[in-house]
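*Asks:* Take this structure first; my questions come after.
The values are calculated or read from the model by the stated rules, or taken from the named source; none is laboratory data. The structure displayed is predicted, hence computed values, not measured ones. When we count neighbours, we look across all protein chains shown, and the Cβ atoms used for this are built from the backbone with ideal geometry, even at glycine.
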Amino acid sequence: MGMNLAEKIITAHLVSGEMKTGADIAIKIDQTLTQDATGTMAYLQFEALGLKKVKTEKSVSYVDHNMLQASFENADDHMYLQSVAAKYGIFFSRPGNGICHQVHLERFGVPGKTLLGSDSHTPTNGGLGMIAIGAGGLDVAVAMGGGPFYLKMPEIINIHLKGKLKPFVTAKDVILDVLRRLTVKGGVGKIIEYSGPGVASLSVPERATITNMGAELGATCSIFPSDDRTKEYFRLQKRPKDFVKIAADKDAKYSQVIELDLVKLEPLVAQPHSPDNVIEVKKLKNMKVNQVCVGSCTNSSLSDLTVTAKLLKGKKIHPDVSMTITPGSKQVFQAIAQNGALTEIIASGARIIESACGPCIGMGQAPPTGAVSVRSFNRNFPGRSGTKDANVYLASPETCVAAALTGYITDPRKIGKYPRITLPKAINIDDSGIIPPAKNPEKVEILRGPNIAPLPINTALPNTLIGEILLKVGDNITTDHIMPAGAKVLPLRSNIPKIAEYVYYQVDPEFAKRAKEKSGGFILGGDNYGQGSSREHAALAPMYLGIKLVMTKSFARIHLANLINFGILPATFVNPADYDDIKQGELLEIPNVIEQVKNSDSLEVENKNNGHKYTLRISLTARQREIILAGGLLNYTRGGGQ
């Protein structure tokens, strides 16, 4: 029997375990990436491992999130990141050089390699034919130290593409259609592998848009084959030697095959407040728009912005609309300046903002109160834009332009003929924004500003857990709910005591205060708890507040791993109805926890308020049990664990 593409790459990197769905495996990591919102903590953790140099083939530190330097904190963190990169053998992508996923696609990604990144949209590089996985910063730190990445062997499903997209129908509409079919929980525990004759019609940037938003499915990663279109992309990037042709065998098997005819697709939009709340654009009538944003790591490539410019050419943004454009990288920025697209964008009345994540994570361009914002981004969770009651819609750049010109959410097919797009056969490659590691690392002094607080370390698991239910929440809680982003909070990412004040702030502003007064406690959640961003601060800051147990109906993959990494015990209900029986404020006790974690797949819990008893499931590997007992991955690793 032949192998599919994901199996080929995993087999080549398998360190331990059996490549059987659901089995515990460990894979070698070739490359890592971090971004500044998660990177500062990841490198503090790497330093704590006591190693002299990274052991990966390539590790890159990007600055693209914390770009609003309203005070000293972000600038200080950037100096720390640059000095750490110089000392430990890491490439440093300077502020302004671009968004990590776009730049990594352009300059570092290699087909057939593995990439682990401290950002949930790391799977973007699956568009090149990589196994690219988002993870918490501590997992990335361990990988930089030469440790393998542990996961359960994902189920591999195939999306078989045929046909070709019609004008005004885009790669964004492909992934929105997949989200509509599978939902934000549909990819959990899965790798999404694309194949079929329709693949050849999609460029690498289009493929990257699709793999990027595979994160919204909850998928471990998404992947395309590396073919002639990939080869052409590497030629354009002047990296022909990095090209490797790799694809699934013709007789490859999958657990599920989904047929998707590109010809039948039409412009789609994700409505508030979830990326899977998808309908056809034409079905939205009289939806007035206040703001339009094109960019982010999802749709900020040269082709995206060239199309945007051509559709705007000779026209003006509606007077009631504010529109921003974000080039995904310095390379893209220079290219649109050279091909005239930048002039056309500026002439339309759109605003250019620097090559950074920006509005996507609430770092500037927050919409007005109660506004409608149409964005070519990947997430539209409540409050993520920086405005709690804003209504954010996700759409292609083409649909964004139609909204910007008309002032309403409009089917882009109504704004005229699709422009003829001719991309350059050569582009200027300028890597001056990427600083290689120091040749004499022993002479490098690591710079630490006053905002960089000592790394908090958890204690070993006690034998009895007793705590109050500090908060009860529902389904699909995101890491944005748990640990908000935005211009106010992101600068505190390297200061856990300060950022902990904002844990669950948007849900319950008194949560952090209550957790401190009660000396910690437990959290109760519903299905798909912790979906969204990979931010480990959503586990690290609650750990600092004394959270010892999170019990839910189910967890999202990355957040589950982060809870384990920081010694917070994750458990799910054997009987989901028990969720309804437990109220916020009730006191729960788990005796003999150490023995139960060591030797059982379940925990026996007693509600001290009503005397009821519950059975919780703990789905932990032997290694994860040791991590929990040690009080987290850092303690476990420093104690000699692998």
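*Asks:* Quick check on my filter: what residues within segment 382-395 are in a loop (DSSP other than H, G, I, E, B) and crowded, with 18+ Cβ neighbours inside 10 Å?
*Replies:* Of everything in segment 382-395, those that are in a loop (DSSP other than H, G, I, E, B) and crowded, with 18+ Cβ neighbours inside 10 Å turn out to be P382, G383, R384, S385, G386, T387, A390, A395.
*Asks:* A follow-up question, please. If I go through segment 425-479 residue by residue, how many of them are closer than 30 Å to I99 by Cβ, among the β-branched types (V, I, T) and part of a loop (DSSP other than H, G, I, E, B)?
*Replies:* Count: 6.
*Asks:* Sticking with this one: Check H65 against each of (1) part of a loop (DSSP other than H, G, I, E, B); (2) without any contact (Cβ under 8 Å) to a residue 60 or more places away in the chain; (3) within 27 Å of I223 (Cβ to Cβ) and name the one condition it does not meet.
*Replies:* Result: H65 passes all but (2).
*Asks:* Additional query: Which one of these does D304 not meet: (1) closer than 21 Å to L268 by Cβ; (2) surrounded by fewer than 18 Cβ atoms within 10 Å (Cβ to Cβ); (3) of a type in the set (D, E)?
*Replies:* Going through the list (1) closer than 21 Å to L268 by Cβ; (2) surrounded by fewer than 18 Cβ atoms within 10 Å (Cβ to Cβ); (3) of a type in the set (D, E), D304 breaks only (2).
*Asks:* I would also like to ask the following. Just checking, which of G370, G349, G362 is within 22 Å of I477 (Cα to Cα) and surrounded by fewer than 20 Cβ atoms within 10 Å (Cβ to Cβ)? Full working, then the answer.
*Replies:* Working: G349 fails: within 22 Å of I477 (Cα to Cα); G362 fails: surrounded by fewer than 20 Cβ atoms within 10 Å (Cβ to Cβ).
Residue meeting the stated conditions: G370.
*Asks:* Mind listing just one residue for me: the one in segment 55-72 that is of a type outside the set (K, R) and surrounded by fewer than 21 Cβ atoms within 10 Å (Cβ to Cβ) and, of those, modelled with the highest pLDDT?
*Replies:* The qualifying residue modelled with the highest pLDDT is E57.
*Asks:* Taking the conditions exactly as written (surrounded by 18 or more Cβ atoms within 10 Å (Cβ to Cβ), outside any helix (DSSP H, G or I) and in contact with a strand residue (DSSP E or B) (Cβ under 7 Å, 6 or more places away or on another chain)), does Y579 satisfy them or not? Let's see the steps before the verdict.
*Replies:* On the way: surrounded by 18 or more Cβ atoms within 10 Å (Cβ to Cβ): yes; outside any helix (DSSP H, G or I): no; in contact with a strand residue (DSSP E or B) (Cβ under 7 Å, 6 or more places away or on another chain): yes.
No: the conditions fail for Y579.
*Asks:* On to the next question. Where the second residue is surrounded by fewer than 23 Cβ atoms within 10 Å (Cβ to Cβ) and among the charged types (D, E, K, R) and the first is in a loop (DSSP other than H, G, I, E, B) and lies in segment 487-505, which pairs have Cβ atoms under 8 Å and are six or more apart or on separate chains?
*Replies:* S494/E73; N495/E73
*Asks:* Out of the residues in segment 453-494 meeting the condition of being over 24 Å from A561 (Cβ atoms) and at pLDDT below 90, tell me which one is surrounded by the most Cβ atoms within 10 Å (Cβ to Cβ). Write out each step before concluding.
*Replies:* Taking segment 453-494 and keeping what is over 24 Å from A561 (Cβ atoms), we get 463-464, 466, 468, 486-488, 491.
Still in the list and also at pLDDT below 90: 486-488, 491.
Working: G486: 21, A487: 17, K488: 14, P491: 25.
Selected residue: P491.
*Asks:* Right, something else. Which pairs do you get when a residue that is over 16 Å from Y614 (Cβ atoms), found in segment 554-581, comes within reach of a residue that is part of a strand (DSSP E or B) and of a type in the set (K, R), reach meaning Cβ atoms under 7 angstrom, with the pair 6+ apart or on two chains?
*Replies:* I568/K548
*Asks:* Enumerate the pairs (first residue in segment 345-363 and within 12 Å of L490 (Cβ to Cβ); second residue anywhere and surrounded by fewer than 23 Cβ atoms within 10 Å (Cβ to Cβ) and of a type in the set (A, V, I, L, M)) with beta-carbon separation below 6 Å, excluding pairs fewer than 6 apart on the same chain, so at least 6 apart or on different chains.
*Replies:* Partner pairs satisfying both residue conditions: A356/M67; M363/L68; M363/A487.
*Asks:* For segment 576-614, how many residues are of a type outside the set (D, E, K, R) and within 14 Å of L524 (Cα to Cα)? Give the steps one after another, and end with the answer.
*Replies:* Filtering segment 576-614 down to residues of a type outside the set (D, E, K, R) leaves 576-577, 579, 582, 584-585, 587-588, 590-594, 596-597, 599-600, 602-603, 605, 607, 609-612, 614.
With within 14 Å of L524 (Cα to Cα) added as a condition, the list becomes 576-577, 579, 582, 584-585, 587-588, 605, 607, 614.
Number satisfying all stated conditions: 11.
*Asks:* Which one is nearest to I568 (Cα to Cα), of the residues in segment 607-636 that are of a type in the set (D, E, K, R), touching a Phe, Trp or Tyr at 6+ places or on another chain (Cβ under 8 Å) and assigned to a helix (DSSP H, G or I)?
*Replies:* By that ranking, first place goes to E626.
*Asks:* Looking at E398, E344 in this structure, which one is in a helix (DSSP H, G or I), over 27 Å from the mean Cα position of the chain (by Cα) and not aliphatic (A, V, I, L, M)?
*Replies:* From the options E398, E344, the qualifying one is E344.
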